[in-house]
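Written out below as structure tokens is the structure these notes cover.
No value in this document is a laboratory result; all are computed from the given coordinates. This one's a predicted model, so the numbers in the text were calculated from it and none came from an experiment. Virtual Cβ from ideal backbone geometry, glycine too; neighbours counted across all protein chains shown.
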Amino acid sequence: GPFTWTEPLRNINVPGALNTWVSRVDSGCEGPKTPVTITIYPKPTRPNLTPESYCQFFLPHQVGGSPSITGDTLKWYGPGVTPPMYISPTPTTSFAPDTITYYATETSSHGCVSDSASVKIVIKKKPDAPTASNVKYCQQALGARPLNEVVDSDFNSVLRWYDNSANPIGTPTP
């Protein structure tokens with residue numbers, strides 16, 4: 001190629017390889033040329049992270065996430081994470097309501113790092129126990145109120161009934 005005193009410029013925004021040569025010049029004398037390959041590896045795309053929602057005090061699992069390319073690794077950031085952390089974090093569900101945001105970057109086998117992706121983990125408050133009192137009915141009495149009407153519960157909540165062995169049952173009818 002043509003002689004140059006400057007290093008070749010390479011557009012680092014385009015992946016690929018550029019084969020070039022370099023020689024040393026000292027006191028006007030040029031030594032032998034050495035081949036140099038300049039390789040630009042692609043930047044990984046953001047990792048795929050999975051949003052989750054848990055009830056307060058529920059035993060959570062690790063935050064779901066996977067690299068966009070098999071063989072790449074994820075590095076996690078966020079509350080309770082000590083970087084570098086390569087294992088996805090497990091959120092705490094002790095405090096609610098809460099939203100925990102975690103971030104992850106993807107590193108390719110060539111050491112290239114993606115932009116970060118974020119994922120929100122929502123912790124929903126565990127409802128208080130419903131207010132209930134024992135109910136008395138007379139056998140074969142007319143107009144007995146359904147049991148769901150005699151239990152105080154929050155608006156938009158659902159009551160779940162259980163037998164003495166803690167097995168779920170439908171709403172008992174008097």
Range of Cα positions in the stretch 103-174 per principal axis (Å), largest first:
79, 25, 16
For the stretch 89-95, take each phi angle, set θ = phi - 60°, evaluate the Karplus expression 6.51 cos²θ - 1.76 cosθ + 1.60, and give the result in whole Hz per residue in order, putting x for glycine and proline.
x, 10, x, 8, 10, 6, 10
Spin-label point model (7 Å from Cα, Cβ direction): what's the residue 169 to residue 109 distance in nm?
6.1
Whichever aspartates and glutamates have a C-alpha closer than 19 Å to that of residue 120, once near sequence neighbours (fewer than 8 apart) are set aside:
52, 98, 106
nm² value of the averaged projected area, convex hull over the Cα atoms of the stretch 57-101
3.6
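Return the loop-located chymotrypsin sites (Phe, Trp or Tyr not before Pro) in the stretch 29-60 (DSSP other than H, G, I, E, B) with at most 16 other Cβ atoms within 10 Å of their own Cβ; answer none if there are none.
57, 58
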Reported label for calculated Cα extents along the principal axes in Å given [x] 110, 38, 27; [y] 115, 27, 25; [z] 48, 41, 30:
[y]
Rg/Rh ratio calculated on Cα atoms of the stretch 1-104 (Kirkwood radius):
1.32
Specify the residue with the greatest mean-square fluctuation among 16, 143, 80, computed from a Gaussian network of the chain linking alpha-carbon atoms under 10 Å apart.
143
Entries of 75/126; 43/75; 43/124 with Cα pairs more than 27 Å apart
75/126; 43/124
Lys and Arg at +1, Asp and Glu at -1: add these up for the other residues within a Cβ distance under 15 Å of residue 89 and post the number.
0
